[in-house]
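Input: a single structure, listed below in structure tokens.
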Amino acid sequence: MFSIARKNFAARLLCAARSRSISVTLLTVILAPHALAQEVVPSHTATVTPLAALIAEAEKNNPQIESARQGWQAAKQVPTQVATLPDPQFNLQHFSVGSPRPFAGYTNSDFAYIGLGISQDIPYPGKLRLKGEIAKREADVSQQQVESIRRSILAQLKAAYFQLAYLSKTLTILEQDGELLKQVQQAADARYRSGMGTQQDLLQAQLQQTKLLREIAMHHLEVGKLEAQLKQVLSRPQDSPDIEPTDLVETPLVLTYAELLAAAQVQNPEIASAKKMIEKQSLQVDLAHKDFYPDFNVQYMWERTDPTQFRAYYMLSVGVRVPIYHGRKQRPELAQAEAEQLRARSELQAQSQQVAAELRTYFVTTQQISELLKIHREGLSPQSRSAFQAALVAYQSNKQNFQALLAAFLDVLRLDEEYWQNVGEYETAIARLEQITGLSLR
């Protein structure tokens, strides 16, 4: 595993630097490239994990996604509750004369009786239906929140994965460019032995080797952070085996900005959620209008006096709850619903503008980075290596100083790392486009 290789390489170099004298250190400078080639192994010694497998695992195991799903399932249970009539009320009555004992008094008075009844509250027609529709829109909003959280989690996963792949690729770069540094050190050693070079050239080569060691240590630190982040997203134990990414590959983007924007307008969960909120608030306005109308109560009673002398009584009554405080209740309720409706429309407009701006930003990012990668492949990378070889020949021929050779080597190293860093940033931008549009672009 490339993390173990970096630890071994770092430990050996540090021990060498602390325990050896100047003469032995100079020998270490000459032999360091061999140690680099031996200790830095290719990044994929362990089994690599494709990004698609991690995405499936995150969708299944991530607790944030599961929490959002359960919240949606809970919201789906509300519409039938609020659209159903209130529970009926059953009544048992007893009226006695001359005796406080329950169910006594038939023999004392003709007015004593036992009664059974049921009452039912009935809202004005249409109110329950509107409440159910409002609850359905709230459940739809919860569903879009599930999708929004899912896409956000997957975008985080992809970004961390691509950064990890870049750091893994960096070790291969250090291995390859370490061979170039080996040529620099050999040239400096040859000139020093011939009397044309200085010890300072060797010390600068050693300094550069130490800088490579520092860079490896920094990458190792970043890898540890990314591994922890990925395991958290995947809900894996932190002491589980590390994740080995696949190689970075530039994903071609064939869709135009207009096509991406059209997909986002239809499939973006934030926009869809804002539209559902407008529908909900429109229904809320309708319900506020309905609240100006009365609700009803129906009650039916059966009463029984002395069964030997009188027949049973039956009573049906209808009550009306009249909303007489319009100025203090219904009108403020309607004004609130209308204001919330206007706010929902403004939020939809703001969300649409935000999505369009983010989409444009990431689209331009992919376009510009794609051009940078082409410049790297066709110009900077081959040119920097040609410049390095020319500088090496010139230094070996005593036509150029060591600083120019070292600068040429550093250009090769920097450009190689920048290329793969740009690939990682490009793939991260593609992941953000997928998050916004809901499309699969890779």
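Let's see how each residue does on (1) within 27 Å of S352 (Cβ to Cβ); (2) outside any helix (DSSP H, G or I); (3) open to solvent by less than 50 Å² (accessible area, probe 1.4 Å):
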site	(1), (2), (3)
E215	no, no, yes
L226	no, no, yes
Q229	no, no, no
P237	no, yes, no
P245	no, yes, yes
P252	no, yes, no
A264	yes, no, yes
E270	yes, no, no
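Is at least one residue of region 281-297 more than 52 Å from the chain's Cα centre (by Cα), acidic (D, E), on the phi < 0 side of the Ramachandran plot and outside any loop (DSSP other than H, G, I, E, B)? No, every residue in region 281-297 fails to be more than 52 Å from the chain's Cα centre (by Cα), acidic (D, E), on the phi < 0 side of the Ramachandran plot and outside any loop (DSSP other than H, G, I, E, B).
The C-beta contact set for region 318-340 (first residue open to solvent by 50 Å² or more (accessible area, probe 1.4 Å), second residue in a helix (DSSP H, G or I) and β-branched (V, I, T), distance under 6 angstrom, 6+ apart or interchain) comprises E338/V285. Among the conditions (1) over 21 Å from F402 (Cβ atoms); (2) modelled with pLDDT of 75 or more; (3) open to solvent by less than 70 Å² (accessible area, probe 1.4 Å), Q208 misses just one, which is (1).
Residues of region 118-147 that are of a type in the set (S, T, N, Q) and either in a strand (DSSP E or B) or open to solvent by 30 Å² or more (accessible area, probe 1.4 Å) (or both): S119, Q120, Q143, Q144, Q145.
For (1) open to solvent by less than 20 Å² (accessible area, probe 1.4 Å); (2) touching a strand residue (DSSP E or B) at 6+ places or on another chain (Cβ under 8 Å); (3) within 30 Å of H289 (Cα to Cα), each residue gets a yes or a no:
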residue	(1), (2), (3)
A112	yes, yes, no
I149	no, no, no
A155	yes, no, no
Q163	no, no, no
K169	no, no, no
Q183	no, no, no
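The values are calculated or read from the model by the stated rules, or taken from the named source; none is laboratory data. Since the model is a prediction, treat every value here as computed from it, not as a measurement. With ideal geometry, Cβ positions are generated from the backbone for all residues, glycine too; neighbour counts draw on all protein chains shown. Note: accessible area is taken over every heavy atom of the protein model, side chains too, but ligands, DNA and RNA are not part of it. Shrake-Rupley method; radii C 1.70, N 1.55, O 1.52, S 1.80 Å.
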